[in-house]
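The values are calculated or read from the model by the stated rules, or taken from the named source; none is laboratory data. All figures in this text were calculated on a predicted structure; none of them were measured in a lab. Reconstructed Cβ throughout: ideal geometry from the backbone, glycine too, with neighbour counts over all protein chains shown.
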Amino acid sequence: MRLEPSAVKVARWVLRGRWRSNAPPLPDIESLFKTMKYHVTYPNAFDTLEDARRWMGDFVHWYNTEHLHSSIGYVTPHQMRHGQAESIFELRNEAINQARQLHPERWGSRSAKQWIVNREVVLNPDKK
């Protein structure tokens, strides 16, 4: 028997549980679901619930350890949580400052982007 629910529905079921099936959608979860749907391995349907759980586990591992997140400076959540982001940002800042010194004509009057660890991340900063 082939199950036809989309990965998004399965993920909601796995993440929310049956007791929260009528809960309003949360923006951060909706963003995660969009990332899931556009991931290259998104299957559209699963043969079994176990297949769905396995795919979800693999996806969450990828999302936390390989996927670069724009809201935290294009590092992974794993790198941010384990204090690796600061050294990554230092290397980026050194490289961009060297490039600006070597080729000032490419920069004009613009300042170089300086990467810093942002300790607070909000989904909609203008509505904070």
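General observations
- Taken together, the residues in segment 49-70 that are in contact with a His (Cβ under 7 Å, 6 or more places away or on another chain) and closer than 17 Å to Lys34 by Cβ amount to 2.
- Scanning segment 40-51 for any residue that is closer than 29 Å to Arg110 by Cβ, acidic (Asp, Glu) and surrounded by 13 or more Cβ atoms within 10 Å (Cβ to Cβ) turns up nothing.
- In segment 45-63, the count of residues that are β-branched (Val, Ile, Thr) and in the same structural domain as Ala112 (by TED's automatic domain parsing) is zero.
- Only residues that are of a type in the set (S, T, N, Q), surrounded by 13 or more Cβ atoms within 10 Å (Cβ to Cβ) and more than 23 Å from Thr35 (Cβ to Cβ) were counted in segment 71-113, giving 1.
- Taken over segment 87-128, residues that are acidic (Asp, Glu) and either part of a loop (DSSP other than H, G, I, E, B) or modelled with pLDDT of 95 or more (or both) amount to 3.
- Some residue of segment 60-71 being of a type outside the set (Val, Ile, Thr) and more than 18 Å from the chain's Cα centre (by Cα): no
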